[in-house]
Amino acid sequence: MKTRRLFSLILLLLLLVSQSAHAQADKSKTLKHPLKRIVIDPGHGGPSAIAGKFYGASGKHMEEKDVALAIGLKLRDVLSAEMPDIEVIMTRTTDEYNSPIVKANKANAAKGDLFISIHCNDVSPIRHSEITGYTTKTVKRKGKKIKKKIPEYRTWYTPNPAQGTETYIWGVGKTKDKEEALMENNFSDTAMLIVGEQDNNPAMKMINSMRTQEYANRSRKLAETVEEEFVKSGRVSRGAKQRDEKGIWVLQAVAMPAILIEVGFLSHPEEEAFITSDSGQQQTAEVITRAIKRYRLSLEAQVNGTNLPAGAQ
């Protein structure tokens, strides 16, 4: 068994060296295009009775599931128009409920090169209270009746001022989950055909570990680029983030670079008006497309060892 594993590792190293040499030799002949298929996931969906805890946020004028679907469909159309060589796959195109497991399975079955989930944020209103007077109440204390003043309160709520976009990648604490997703969805390539596809193969584990790190870097780069483009468009940005402890399950369950974009707060009146409007949704789709175009240029330059076009940073 040890001899077999050692042999697999040697084959892998020889393959990597060979591929590197061939890549350098063929660089001027054939450029690689690593981004061919994008999976768009409009968050949530379906009636509350079916979706349950996955129903999503609700605004005064529109539900998160409907905003996410509207933006997702517009993003598909903009990507198809501006990047016609890219195949765009939707996890849903109607108001239907799919569990996170189903969404991840759809993305992995499509063998996507990038997964983008669209969501909206929401926070509870801020609670305020003040004493408006007192009432007197007789209570017993140590066998004696005493009078006690009980304050009376007035309570009211105001909208939470939280606003802005934010883009998430899977948490660093969920790296093992991502590696498992890659192990379970071994998209065929030369290395895997040579070393085999056994789950306990050390060479395979090495490949998936390297891929997980690379996908993390790609996801982080895209998340930062998305937020940069939101700022350029005049939106408030809360930055690119990780949700380390809890994680975002669907991001680590797909065997590809993955981000989740919170396009705004339904609990913020002005922002809700923007992201529920046709023009706001269209602008959001265009902003995300610009970020993806920058990401693709950077990715192609990286894998082909070429320089980025001027102004593409």
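Looking only at residues that are surrounded by 21 or more Cβ atoms within 10 Å (Cβ to Cβ) and part of a helix (DSSP H, G or I) in the range 230-275, which one is nearest to the chain's Cα centre (by Cα)? The extreme case among them is LEU251.
Looking at ASP26, ASP113, ASP77, ASP41, just one residue is at pLDDT 95 or above and surrounded by fewer than 18 Cβ atoms within 10 Å (Cβ to Cβ), and that residue is ASP77.
Would you call ILE101 under 20 Å from MET256 (Cβ atoms), within 17 Å of the chain's Cα centre (by Cα), assigned to a strand (DSSP E or B) and of a type in the set (Val, Ile, Thr)? Walk me through it before giving the result.
Numbers: under 20 Å from MET256 (Cβ atoms): yes; within 17 Å of the chain's Cα centre (by Cα): yes; assigned to a strand (DSSP E or B): no; of a type in the set (Val, Ile, Thr): yes.
Here the answer is no, as ILE101 does not meet what is asked.
Of the strands (runs of 3 or more DSSP E) lying entirely inside the range 124-171, those containing at least 1 residues that are out of contact with any strand residue (DSSP E or B) (no Cβ under 8 Å at 6 or more places or on another chain) are 126-141, 144-158. Name every residue in the range 140-175 that is hydrophobic (A, V, I, L, M, F, W, C) and either surrounded by fewer than 10 Cβ atoms within 10 Å (Cβ to Cβ) or at pLDDT 80 or above (or both), in order of residue number. Residues satisfying the conditions are ILE146, ILE150, TRP156, ALA162, ILE169, TRP170.
The values are calculated or read from the model by the stated rules, or taken from the named source; none is laboratory data. As the structure is a prediction and not an experimental result, all values here were calculated from the model. So basically every Cβ, Gly included, is an ideal-geometry build from the backbone, and we count neighbours across all protein chains shown.
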